[in-house]
1. Does LEU227 satisfy the condition of being buried (at least 20 other Cβ atoms within 10 Å of the Cβ) and either in a loop (DSSP other than H, G, I, E, B) or not assigned by TED's automatic domain parsing to the domain that holds ASP105 (or both)?
2. Which residues, taken from the range 34-53, are assigned to a helix (DSSP H, G or I) and either without any contact (Cβ under 8 Å) to a residue 12 or more places away in the chain or more than 15 Å from the chain's Cα centre (by Cα) (or both)?
3. From the list SER149, SER140, exactly one residue is touching a Ser or Thr at 6+ places or on another chain (Cβ under 9 Å) and closer than 27 Å to GLN199 by Cβ. Which is it?
4. Do you know which of the residues in the range 202-224 that are in contact with an Asp or Glu (Cβ under 8 Å, 6 or more places away or on another chain) and under 13 Å from TYR91 (Cβ atoms) is surrounded by the most Cβ atoms within 10 Å (Cβ to Cβ)?
5. Starting from the range 226-239, keep only residues that are more than 21 Å from SER140 (Cα to Cα), then list their pairs with residues that are surrounded by fewer than 22 Cβ atoms within 10 Å (Cβ to Cβ) and of a type in the set (D, E, K, R) whose Cβ atoms are within a distance under 6 Å, requiring at least 6 positions of separation or different chains.
6. Filter the range 91-110 down to residues that are of a type outside the set (Asp, Glu), within 17 Å of ALA203 (Cα to Cα) and surrounded by fewer than 23 Cβ atoms within 10 Å (Cβ to Cβ) and give me whichever is nearest to the chain's Cα centre (by Cα).
7. State all residues of the range 72-90 that are crowded, with 17+ Cβ neighbours inside 10 Å and either touching a Cys at 6+ places or on another chain (Cβ under 8 Å) or farther than 30 Å from LEU212 by Cβ (or both); if no residue qualifies, say none.
8. If ARG109 satisfies all but one of (1) in a strand (DSSP E or B); (2) not assigned by TED's automatic domain parsing to the domain that holds SER192, what's the number of the condition it fails?
Amino acid sequence: MAGHSKWANIKRRKAAVDAKKGALFTKLGRELISAAREGGGNPDANFRLRLAIEKARAANMPMENIQRAILKGTGELDEGATYEEFVYEGYGPGGAAVMVELMTDNRNRTAQEIRHLFTRHGGNLGEAGCVAWMFKKKGSIIVAKEDNSISEDDLMLLALEAGAEDIKDEGDAYEILTAPSDLEPVVEALKSAGVTVAQAEPAMVPQSTVPLTGETAEKCLALIEALEDHEDVQNVYSNADFQT
């Protein structure tokens, strides 16, 4: 989220979800299924699938589970359930916009549960399109400073020459933003130059932010964390700027 180091938030979420390996593997498995269903089961020809495999391996997901999910996505293995992908939009405490990407085999059940989470944490679920206009789809690349010795100037030059749009210093990491179609070539250029990429994925980036402080910030963060913990939620995006 804005206002905090994005890499710190990623590590916080990873630590929280790692404590529930079953839930983590479920989310990763569904992303593998979706990626393979969209672009085929060959990671060399399917960049989204390649990213999903890298993320699954980084979480120590067994290779057997990864391969099974890919086969489900390509239709070579009966997945036993039909998963539907969709997005919910709403507002959190303080008027922060929230977008939730989901993948579920029971849309009605999931809708009720997500609505309940919004209500319980002081937010409200809105109509389709109510906050989507506040975000733009981008490619997001995280380069952790602890994993790299490259200077910010050299990283910026490398990224911009490869087609990146912007680079942000997030404290303990850099976030590189690209057009969605440029995510793959920029990632490959970074790796070819010896840069370790901590995370790369499509993301919905807010065009402006809403500053939140005190109890309002705590309530909004609690909503976001509750949504992220839900089994059917793949990603949560917000324009909340948590002020320290």
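The values are calculated or read from the model by the stated rules, or taken from the named source; none is laboratory data. Everything numeric here is computed off the predicted structure, so don't read it as measured data. Please note: Cβ atoms are built from the backbone with ideal geometry, for glycine as well, and neighbour counts cover all protein chains shown.
1. Numbers: buried (at least 20 other Cβ atoms within 10 Å of the Cβ): yes; either in a loop (DSSP other than H, G, I, E, B) or not assigned by TED's automatic domain parsing to the domain that holds ASP105 (or both): no.
Taking the combined requirement at face value, the residue does not satisfy it.
2. Those that are assigned to a helix (DSSP H, G or I) and either without any contact (Cβ under 8 Å) to a residue 12 or more places away in the chain or more than 15 Å from the chain's Cα centre (by Cα) (or both): ALA36, ARG37, GLU38, GLY39, PHE47, ARG50.
3. SER140
4. LEU212
5. Listed pairs, sorted by first residue: none to list.
6. Here the answer is MET99.
7. The initial filter retains those residues of the range 72-90 that are crowded, with 17+ Cβ neighbours inside 10 Å, namely 72-73, 79, 83, 88-90.
Selection gives LYS72, GLY73, GLU79, TYR83, GLU89, GLY90.
8. Unmet condition: (1).
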